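Structure first, commentary second.
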Amino acid sequence: MTFDSVIRFVFALRMECSMRFLSAPLPVTRTVGMALKPAPLFGVIVALALLLSSTLVAKAQTPGTPDALNAGLIDENGGHSFGGTHVVAVQPDGRILLGGTLGAGLFKNVVRLNTDGTIDREFFCRANFWVTSLAVQTDGKILLGGGFSTVNQIIRYGLARLNADGTLDMEFNPGTDGDVLCLAIQADGKIVVGGYFTSVHGVARNCLARLNPDGTLDAGFDPNLSGSLPEYGYSFVNSLQIQADGKILLGGVFTQLQPNGATGPTPRYCLARLNPDGTLDAAFDPNPNSAVYSMGLQADGKILIGGEFTSLQPNGAAKGITRYNLARLNPDGTADLGFVTDPKSDSLVFEVDPDSNGSSVAIQADGKILLGGVFKLFPSQLNPRVYHAVRLNADGTLDSGFDPNPDDYVRSISTQADGKVLLGGYFQGLFPNGATNATQRFLFARLQNDPATQSLTVADATHVLWQRGGSSPELSQVTFELSTDDGSTWSPLGAGSRVGVAADWQLTHLFLPARGQIRARGRTSDGAGGSGLVGSVTDFNLATPSPAIARLSRVGNDLVFHGINGVAGTILHLGASADVNRDSGPWRAVATNVLAVSGDFTFTLPNAVRVEVPQQYYRLRTP
């Protein structure tokens, strides 16, 4: 049982104190005048302290082998679907969204699969042209971008938002004058949009824009990309990633930026990083010599890029560094020299098919790297094999134990919460791990993988930890939420922070109630146009011996609890808030101390909470 005392100070004609003691099964409330008489002594409640966790461990399977899921994408006449799957995104409930040029009849160009691979017939969506990007919002709504002009027979140019059931969000209608190729959702809910367009909402925006959560244009964000390459003839942004610090990575085809009305353009070749306000990060300039199609963020802050480049010349270096279509950058934009060297060595080299129009990259929690596209992989071979999906070890060497061998181009590669690999593309079959006969899969496949591990734990009332490993997807923008009604409603606890450079995430300085549920969710990426969410839920029931309090007072900057009768060594956490009606927030941590002996106990208030406001609450609790 968690001890919980909430104190309100009202600075008016007199000061009064409201103390709330939580104990099962019902809370008991006492209100006393501070200068009148002490509240009666409450007994000590003793219970067992529990540590509860939600742990997932996937069974070991042969990596790269298709599992039983066979979506059998069909048209309205019962035939196999035409076209290809351009983008794949997972939902927190395990259902899978597919976008591209696929399907007909009840669904077209957007399909949702149930976890068993059957088509979700209750999800109704018809886009009249290809869908190249999908992003799942935390509220369950789904963003889609592409080359369409209508969705469900309603005009939507290039960008639309669906409700969770596939119906169109009628309030969201930004409108672009060209194709949307990639989407990224910031932690604050704003939406970064990339593609080849010149206006959004009728306002000039070259290839990149940012929307407010309601779909209106963020007027203060205008990076203003321009310039192209001879083989393309136009500018575009094909990949977006949001870093933990809010900076925005963008890759594609462009040669300069002139952000937010700057007096002149700044050269940037196909790859740039923006500050959160849209201004250019002047210290970051990897300078690849051609297109960047995809990007992935590692836990240590390093950046993987894939495209058609053959060299990098970072941050004004005197000479270029050979990198064939795949490179890893340090966080400052310099090349990671330990990852994939030049073709004269025995390292692996990628040669991208110029007709493939892209590549895809996904990173596992164990640091291994999944790649999809059309490329050649060779250590100086005369007749290099064509690959469409491979996995690399963390150092860039080939993982020979993973070889799904699809028979055509893979446009999107990503992983589920359990580590299984999702492939979308133009293939019709796979020849996994040297198989001579194809396993038939049209345009989409799900592959077995090494075990994925995750564990969501609540150690005490202040700390939540989400540990992740194995083939679990690498995540960004992890959030934690609390439910005290068995999952009927959820309230945000805050954004998680990464534990060092590991794949683990945590949230600290909490004031959790005695029992409830914690939900953690994090964003996945296929490196190009797909952005999904995975999550985990755990129950918790925290209990410690509860000290009793006779009364309390405030003397200057000190908050004094008189007559505490409790167990020596009990940790006491003091929090402050302007709202007493929230169990989890917006309480902010003020101080922590350890009860040495029973009696009077004093907290000295930090400067941040010393200002006497008309109403101020303090909460004292044990873990």
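Quick notes on this one:
- Ordering of 86-99, 523-536 by burial proxy (mean other Cβ atoms within 10 Å per residue, highest first): 523-536, 86-99
- Normalising by residue count, segment 179-232 has a Cα convex hull of 86 Å³ per residue.
- Computed extension gain for Asn275 through Lys141, at 0.36 nm per residue and net of the alpha carbon distance, reaches 45.5 nm.
- Derived scalar couplings ³J(HN,Hα) [segment 117-125; Karplus, 6.51 cos²θ - 1.76 cosθ + 1.60; whole Hz; x for Gly, Pro]: x, 6, 6, 6, 6, 8, 9, 9, 8
- Where segment 197-301 is the region considered: accessible area per residue in Å², 1.4 Å probe: 34
- Packing rank of 506-517, 420-431, 255-266, where each peptide gets the mean count of other beta carbons within 10 Å, highest leading: 420-431, 506-517, 255-266
- A crude spin-label estimate for the pair Val594 and Asp558, with each label 7 Å from Cα along the Cβ direction, gives 2.1 nm.
- The stretch between Val386 and Asn128, if pulled fully straight at 0.36 nm per residue, gains 89.6 nm over its current Cα-Cα span.
- Extension gain, Thr216 to Tyr234: 0.36 nm times the residue separation minus the Cα-Cα distance gives 3.9 nm.
- Dipole magnitude (debye, nearest 20) for segment 160-293, charges at Cβ of Lys, Arg, Asp, Glu: 300
- Accessible area of segment 415-532 belonging to carbon and sulfur atoms, whole % at 1.4 Å probe: 48
- 19 Å Cα-Cα threshold exceeded, pairs from Lys141/Lys368; Lys247/Lys302; Lys190/Lys247; Lys141/Lys247: Lys141/Lys368; Lys141/Lys247
- Formal net charge of residues neighbouring Pro314 (Cβ-Cβ distance under 15 Å; K, R +1; D, E -1): +2
- Net +/- balance of residues flanking Phe197 in space, Cβ distance below 15 Å, scoring K and R +1, D and E -1: 0
- Taking a sphere under 11 Å around the Cβ of Leu97 and counting the other residues whose Cβ falls inside, with K and R at +1 and D and E at -1, yields a net charge of +1.
- By accessible area, using a 1.4 Å probe on protein heavy atoms only, segment 156-223 has 53% of its surface on carbon and sulfur.
- Between Val200 and Arg205, the built amide H atoms are under 5 Å apart, and every one of these is 5 or more places off in sequence or on another chain.
- The protection proxy used here, the mean number of other Cβ atoms lying within 10 Å of each residue, ranks peptides 328-337, 190-199 as follows, highest first: 190-199, 328-337.
- Normalised by 2.2 N^0.38 Å, with N the number of residues, the alpha-carbon radius of gyration of segment 186-289 equals 0.99.
- Close amide-amide hydrogen proximity is noted between Gly494 and Phe480, each under 5 Å apart and 5 or more residues distant or on a separate chain (H modeled in the peptide plane; Pro and chain starts excluded).
- Once backbone amide H atoms are built at 1.01 Å from N, Leu329 has Ile303, Leu304, Ile305, Asp336 as its partners under 5 Å, excluding neighbours fewer than 5 places away on the same chain.
- Using θ = phi - 60° and Karplus 6.51 cos²θ - 1.76 cosθ + 1.60, couplings along segment 185-195 (whole Hz; Gly, Pro as x): 9, 6, 5, 8, x, 5, 10, 9, 10, x, x
- Normalised by 2.2 N^0.38 Å, with N the number of residues, the alpha-carbon radius of gyration of segment 131-187 equals 1.02.
The values are calculated or read from the model by the stated rules, or taken from the named source; none is laboratory data. Just so it is clear, the model here is predicted, and its values are computed rather than measured. All Cβ positions, glycine included, derive from the backbone under ideal geometry; neighbour counts span all protein chains shown. In case anyone asks, the SASA skips ligands and DNA or RNA and just uses the protein heavy atoms, side chains included. Shrake-Rupley method; radii C 1.70, N 1.55, O 1.52, S 1.80 Å.
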